[in-house]
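One structure is given below, encoded as structure tokens.
The values are calculated or read from the model by the stated rules, or taken from the named source; none is laboratory data. Remember, predicted model here, so these are calculated numbers, not experimental data. Reconstructed Cβ throughout: ideal geometry from the backbone, glycine too, with neighbour counts over all protein chains shown.
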Amino acid sequence: MSPYPLRLEGHLDEPLSRWLWLVKWLLAIPHFVVLFFLYVGAFFVWVISLFAILFTGRFPRGLFDYQLGVMRWTWRVAFYTFSALGTDRYPPFSLDDHPDYPARLDVDYPDHLSRGLVLVKWWLLAIPQLLIITVLAGGGYGIGLIGLLVFFAAVALLFTGRYPRSMFDFIMGLNRWYFRVNLYIALMTDQYPPFRLDQGEDEPLPGGTAPTGVTPAPV
């Protein structure tokens with residue numbers, strides 16, 4: 001099992017408040033506003049990058065770093081809110097990596113990308129994966145299977161003060177799948193997302209070894 005160029009981590013930041021999840025959507029509004037404008041920029045970056053790859057076979061590094069920053073910001077906010085509820089620490093307003101934050105995301109920069117694939121991978125080749133993540137996210141991030149499972153975890157947290165560990169590991173696997181597909185359609189890699197649910201806080205170790213205490217569930 002070869003590693004995917006995207007590495008997504010999320011460490012359950014216990015103890016968690018029993019009730020804070022009820023208002024996190026409100027607390028995160030400033031992030032949602034900023035992300036809206038970042039996504040507008042990301043769309044134009046995507047269009048420019050498509051033509052850059054088509055003519056040069058390379059994703060301009062500055063544009064790549066911008067897309068990566070938007071993905072990092074998105075994952076931190078998602079982890080704080082209703083795609084994981086894995087921490088009560090407020091996400092930083094930043095495109096940069098923050099090693100001290102419990103949710104992290106990184107992507108290997110590709111030296112070369114296929115000029116031909118760039119025309120079809122983001123729609124035709126991605127169709128099977130897009131159907132899957134529509135189920136995971138319900139057509140809008142934080143809804144669908146991910147949102148449903150996080151809601152069950154939130155109810156458990158409210159009444160028991162504990163986040164079910166097995167449910168958290170499964171939710172992390174679903175989020176990992178979602179972001180891998182988004183990386184592919186963002187043109188940031190030619191490596192097709194695996195049909196594989198890698199559960200747990202950390203990415204699988206090289207050679208296919210699962211993170212400690214977690215066994216990957218093939219799908």
Inset, instruction - Can you give me the number of residues within the range 129-165 that are more than 17 Å from the chain's Cα centre (by Cα) and either β-branched (Val, Ile, Thr) or within 16 Å of residue 190 (Cα to Cα) (or both)? - result: 2
Legend entry - Given (1) closer than 18 Å to residue 60 by Cα; (2) over 15 Å from the mean Cα position of the chain (by Cα), number of the condition residue 107 does not satisfy: (2)
Legend entry - Residues (in contact with an Asp or Glu (Cβ under 8 Å, 6 or more places away or on another chain) and part of a loop (DSSP other than H, G, I, E, B)) located in the range 59-94: 86, 87, 88, 89
Inset, instruction - Find all pairs meeting these conditions: Cβ atoms under 9 angstrom apart; at least six residues apart or on different chains; first residue within the range 8-19 and in contact (Cβ under 8 Å) with a residue 40 or more places away in the chain and more than 11 Å from residue 89 (Cα to Cα); second residue among the small types (Gly, Ala, Ser) and assigned to a strand (DSSP E or B). - result: 8/103; 9/103; 10/103; 11/103
Inset, instruction - Would you check if there is a residue in the range 106-117 being among the hydroxyl-bearing types (Ser, Thr, Tyr), under 24 Å from residue 69 (Cβ atoms) and part of a helix (DSSP H, G or I)? - result: no
Inset, instruction - Scan the range 137-149 and give yes if some residue there is out of contact with any Cys (no Cβ under 9 Å at 6 or more places or on another chain), part of a loop (DSSP other than H, G, I, E, B) and touching a residue at least 12 places away in the same chain (Cβ under 8 Å), otherwise no. - result: yes
Inset, instruction - State the number of residues belonging to the range 4-47 that are over 25 Å from residue 63 (Cβ atoms) and acidic (Asp, Glu). - result: 2
Inset, instruction - Report whether or not residue 143 is modelled with pLDDT under 95, of a type in the set (Val, Ile, Thr) and crowded, with 20+ Cβ neighbours inside 10 Å. - result: no
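Suppose we keep only residues that are of a type in the set (A, V, I, L, M) and more than 25 Å from residue 112 (Cα to Cα) within the range 174-204. Which one would you say is surrounded by the fewest Cβ atoms within 10 Å (Cβ to Cβ)? Let's see the steps before the verdict.
Step one: of the range 174-204, the residues of a type in the set (A, V, I, L, M) are 174, 181, 183, 185-188, 197.
Cutting the leftovers down to more than 25 Å from residue 112 (Cα to Cα) gives us 174, 197.
On the way: 174: 23, 197: 16.
Once the filter is applied, the top-ranked residue is 197.
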Inset, instruction - Check the range 155-164 and report whether any residue there is crowded, with 18+ Cβ neighbours inside 10 Å, of a type outside the set (Gly, Ala, Ser) and in a helix (DSSP H, G or I). - result: yes
Inset, instruction - Considering each of 32, 64 in turn, give the residue that is over 15 Å from the mean Cα position of the chain (by Cα) and loosely packed, with under 13 Cβ neighbours inside 10 Å. - result: 32
